[in-house]
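The values are calculated or read from the model by the stated rules, or taken from the named source; none is laboratory data. Note that the structure is a prediction, hence the values are computed from the model and not measured. All Cβ positions, even for glycine, are placed from backbone atoms using ideal geometry, and neighbour counts span all protein chains on display.
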Amino acid sequence: MIGDAAASDLTAGTIRYRSTRDGSSASAGAAGRGSAGSGVGRDVTFEEALLRGLAPDGGLYVPVGIPMLPPEWRVRPTPSSLPDVALTVLPPFTGAAGARAVADALDFQVPVVRVGDDLVLELFHGPTAAFKDVGARSLARLMQAATGRAGGTATILVATSGDTGSAVADAFSGLEGLQVALLYPNGGVSRVQEEQLVAARSGVRAFRVEGTFDDCQRMVKEAFADPVLEALRLTSANSINIGRLLPQMLYYVWAVAQARNAFGSTGTIEIVVPSGNLGNLAAGLLAQRLGLNDVRFLSAHNANDYFVRYLRGEAQPFEFAPSVATLSNAMDVGAPSNFERLNTLFSSDLRSVITGDVVDDEATLRRMRLTYERHGYLVCPHTAVGLEAAARSRARDAQGAGATRLVLSTAHPAKFPESVRRATGVTPEPPPALARFGTMEKRVEQLGPTLVELRSALLSRPLFDA
Ligand SMILES: *Cc1c(COP(=O)(O)O)cnc(C)c1O
């Protein structure tokens, strides 16, 4: 690892992290409350989990034991802002310095708005107009805190199906000692997304891969295990990194508080999560374990429906399928990497707190059109998958009139102008954050879908050039 553990504030959190492949981690989330369990020898500090990304045995880090929210927040959470949630929730997970780094990173609005019968949590007001800004910005600040003290360096290697890459590039660019290499599937991202990915930024290399997102993700995993690349000190910014996942808990706490306080929701809140890699959902379940009362989840998927089939008992754990291309391309994931976390932390309860639904492209476009016609509200295709799943859930649920449905809106509609125009006839106005990419210089490199090619590209020139 890079930092000096003994001197590091990020080791000050009380919670330790354990690989999902450590035999004893099956009980890490639930039974692990307060007790370290038998895998303690291999448990690591937050800083180590953050800098490694993936555990040496190939597993993902999960917290050993989850602390409860302050009692008054369990009854009725009353945060004043998202940074306030960070400073309250994160210290046991990240140490106080980590919590402050995240609070600083979350310097944009995350409003809850009413859209017809639903509440919508707008997660797209960050610098790249997608919810991935929350995790990416937090992660960048956390890593800077960890490597900065030791004067170390690290290379962030990211596979992206669209929004992660630009959020990560934006969050890390210009941070001393940190470099980013992005892999994205050729033809697998929208024009606007690609424009953001290839915008030239200091310390960032973008690779367009001749393959699918799953190829990109596999290459990243192989690179982490590759001894030849060890010198680059690779680390991950995908949702496999616990440092990105934990900050995503915060907006669940925030949104539930808004629903209860500002919108008067008293009964069950069904949180609808447009899902791909299941990172967002994993963070939601962790947030629920903090003690959010009367909350359940609806995982909304496009045609990449492995997790829904799993929830319905139609697919075995890890019996994944190849990904297929859809309009909601940031959710085109055949083999969701966070399934391993969900399976380890919550396996026995998954089916009791989560339901799933599958929304095809036709229904996605129809929901985009209806939402605009009825409410004058433009949404991206991912958000539309969530809104459609919410509408179906309400129609199915006879007592559902009392339940609040809170849909996570994961990207600004202007990131997907073609789909929005096709569904509604309207071209969404890009927010200033997006408009700036049109004028930036572009820089991208081609790559075949193999570790061999990635390795030679990464070693072809020093990443830490001037
Ligand atoms: C990444 C992404 C998702 C899916 O989130 P996961 O954490 O991968 O499940 C949904 N919508 C958008 C716009 C995204 O960028």
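Odds and ends about this structure:
- Residues in segment 412-428 that are outside any helix (DSSP H, G or I), modelled with pLDDT of 95 or more and on the phi < 0 side of the Ramachandran plot: His412, Val426, Thr427, Pro428.
- Selection status of Ser352, polar (S, T, N, Q) and in a helix (DSSP H, G or I): yes
- Here segment 210-236 is the region considered, the condition is being within 16 Å of Pro56 (Cα to Cα), within 21 Å of the chain's Cα centre (by Cα) and not in a helix (DSSP H, G or I), and the residue that is modelled with the lowest pLDDT is Ser236.
- Residue selected from segment 432-443 under the condition touching a residue at least 24 places away in the same chain (Cβ under 8 Å) and more than 24 Å from the chain's Cα centre (by Cα), by the criterion farthest from Val204 (Cα to Cα): Gly438
- Single unsatisfied condition, Ala146 versus (1) within 12 Å of the chain's Cα centre (by Cα); (2) within 21 Å of Met249 (Cβ to Cβ): (1)
- Yes/no for Ala363 being within 25 Å of the chain's Cα centre (by Cα), over 30 Å from Glu270 (Cβ atoms) and free of Cβ contacts under 8 Å to residues at least 40 places away in the same chain: no
- For segment 172-179, the count of residues that are small (Gly, Ala, Ser), surrounded by fewer than 19 Cβ atoms within 10 Å (Cβ to Cβ) and in contact (Cβ under 8 Å) with a residue 60 or more places away in the chain is zero.
- Note on segment 414-459: residues that are of a type in the set (Asp, Glu) and closer than 15 Å to Glu195 by Cα amount to 3.
- In segment 260-276, the qualifying residues are those that are in contact with a Ser or Thr (Cβ under 7 Å, 6 or more places away or on another chain) and of a type in the set (A, V, I, L, M, F, W, C), and the one that is farthest from the ligand (Cβ to nearest atom) is Ile269.
Conditions tested, residue by residue: (1) crowded, with 22+ Cβ neighbours inside 10 Å; (2) modelled with pLDDT of 95 or more; (3) closer than 26 Å to Arg218 by Cβ.
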{"site": "Arg244", "(1), (2), (3)": "yes, no, yes"}
{"site": "Asn261", "(1), (2), (3)": "no, no, no"}
{"site": "Thr266", "(1), (2), (3)": "no, no, no"}
{"site": "Ser275", "(1), (2), (3)": "yes, yes, yes"}
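- Within segment 228-257, tally of residues that are within 19 Å of Leu182 (Cβ to Cβ) and away from the ligand (no atom under 13 Å from the Cβ): 7
- The residue that is farthest from the chain's Cα centre (by Cα), counting only those in segment 86-107 that are assigned to a loop (DSSP other than H, G, I, E, B) and modelled with pLDDT of 95 or more, is Leu90.
- Screening the candidates Ala136, Ala99, Ala181, Ala154 for the property of being more than 14 Å from the ligand (Cβ to nearest atom) and under 30 Å from Phe263 (Cα atoms) yields one hit, Ala99.
- Counting only residues that are within 14 Å of Met368 (Cα to Cα) and small (Gly, Ala, Ser), segment 397-444 holds 6 of them.
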